[in-house]
Amino acid sequence: MEERARSCLMRSKSTLEQDIKASYLMDHMVSDGVLTNDEEARVLSKPTKREQAAALLEVLLRKDNRAYISFYNALIRESYGDLANLLHSDLPLLSPEGERSFADGVSHT
């Protein structure tokens, strides 16, 4: 993951941990192929909503740009627009290969 995106997640960590419901977001991220069922199960095994959110962010920080974008899109889909705005300015750009596999199938080179 780009350093700028990683830094943004770290800066926004306490707000995100406080406000998100990880289970809602992870459904989208599993569908996008950026989160495995095992990772989802590990996050959901945490006892509180805040601990689940913290665990999800820890998983995200070890992933790539696609995971950040998937998380951002999940926030929008689940009506966390205010939280998505925290991440928007640091959205990473995908490489052409990533765009082909993740976005619309068209290379933007």
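Computed quantities for the displayed model
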read-out: Subset of segment 67-102 (residues that are modelled with pLDDT under 95 and basic (Lys, Arg)); value: 100
read-out: Identity of the residue in segment 1-16, of a type in the set (A, V, I, L, M, F, W, C) and open to solvent by 40 Å² or more (accessible area, probe 1.4 Å), that ends up modelled with the lowest pLDDT; value: 1
read-out: Single residue of 39, 51 found to be at pLDDT 95 or above, open to solvent by 20 Å² or more (accessible area, probe 1.4 Å), within 15 Å of the chain's Cα centre (by Cα) and among the acidic types (Asp, Glu); value: 39
read-out: Answer residue from segment 17-26, given it is open to solvent by 10 Å² or more (accessible area, probe 1.4 Å) and without any contact (Cβ under 8 Å) to a residue 40 or more places away in the chain and is nearest to residue 67 (Cα to Cα) among those; value: 23
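Yes/no matrix, rows are residues, columns are (1) more than 17 Å from residue 10 (Cα to Cα); (2) of a type in the set (S, T, N, Q):
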| position | (1), (2) |
| --- | --- |
| 24 | yes, no |
| 31 | yes, yes |
| 34 | yes, no |
| 41 | yes, no |
| 67 | no, no |
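The values are calculated or read from the model by the stated rules, or taken from the named source; none is laboratory data. Bear in mind the structure is a predicted one, so any value in this text is a computation, not a measurement. In this analysis, Cβ positions are derived from the backbone assuming ideal geometry, glycine residues included, and neighbour counts consider all displayed protein chains. These accessible areas exclude ligands, DNA and RNA; they are computed on the full protein's heavy atoms, side chains included. Shrake-Rupley method; radii C 1.70, N 1.55, O 1.52, S 1.80 Å.
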